[in-house]
Every structure is written in C-alpha cells, then in structure tokens.
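These notes are about the structure you will find just below.
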Amino acid sequence: MRQTVRVFQILTISSILTACNGPFSDYTNFDLKKEYNKCDYNRLSPAGAQRCNNIKKECDIRKEKSGFRC
C-alpha cells in the first residue's frame, strides 16, 4: 500500500513537471527556427500572432539556456 502511494506521488510530480514545458519545447532547433522565420506580424490573425509570440518565447528560453538564436 505504501509503495503504491509512493509510485502515485512520483507519477504525479513527473506529470506536473512535464506540463510546465511550453508548446514548442519538443521542436528541434531547426524546426523552431523555420517556424520563427514564417512569422510575419503584418499578415497574421490574432491567433497566428499569439502562436508567433509563443515561438519567440521558446526562442528566448533556448537563448538563455544554450545561446541558440532563432
């Protein structure tokens, strides 16, 4: 019983930590850069602009961690 509770706690914590990643965290650097270059804010819908903002945030995170530039 105690071991089952422990396993459940570990699974819950790991699920929470994985949920903290952004929507583009699973993209490769190449794919992220490709999507970033597609962003043209003059011709985007509000949803498209938000998508590009999220891509930019992921680029900024990777820049801080590893010096990657989109």
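The values are calculated or read from the model by the stated rules, or taken from the named source; none is laboratory data. This one's a predicted model, so the numbers in the text were calculated from it and none came from an experiment. In this analysis, Cβ positions are derived from the backbone assuming ideal geometry, glycine residues included, and neighbour counts consider all displayed protein chains.
Here's a check for you: in region 39-70, which residue that is surrounded by 12 or more Cβ atoms within 10 Å (Cβ to Cβ) and of a type in the set (Lys, Arg) is farthest from the chain's Cα centre (by Cα)? Top of the filtered list is Lys63.
Residues of region 52-67 that are free of Cβ contacts under 8 Å to residues at least 12 places away in the same chain and in a helix (DSSP H, G or I): Asn53, Asp60, Lys63, Glu64, Lys65, Ser66.
Would you call Leu17 out of contact with any helix residue (DSSP H, G or I) (no Cβ under 9 Å at 6 or more places or on another chain), part of a helix (DSSP H, G or I), at pLDDT below 70 and loosely packed, with under 10 Cβ neighbours inside 10 Å? It would help to see each step written out before you state the result.
On the way: out of contact with any helix residue (DSSP H, G or I) (no Cβ under 9 Å at 6 or more places or on another chain): yes; part of a helix (DSSP H, G or I): yes; at pLDDT below 70: yes; loosely packed, with under 10 Cβ neighbours inside 10 Å: yes.
Yes; evaluated as a whole, the condition is true for this residue.
Applying the selection to region 19-70, what residues are touching a Leu at 6+ places or on another chain (Cβ under 7 Å) and among the acidic types (Asp, Glu)?
Correct list: Glu58 only.
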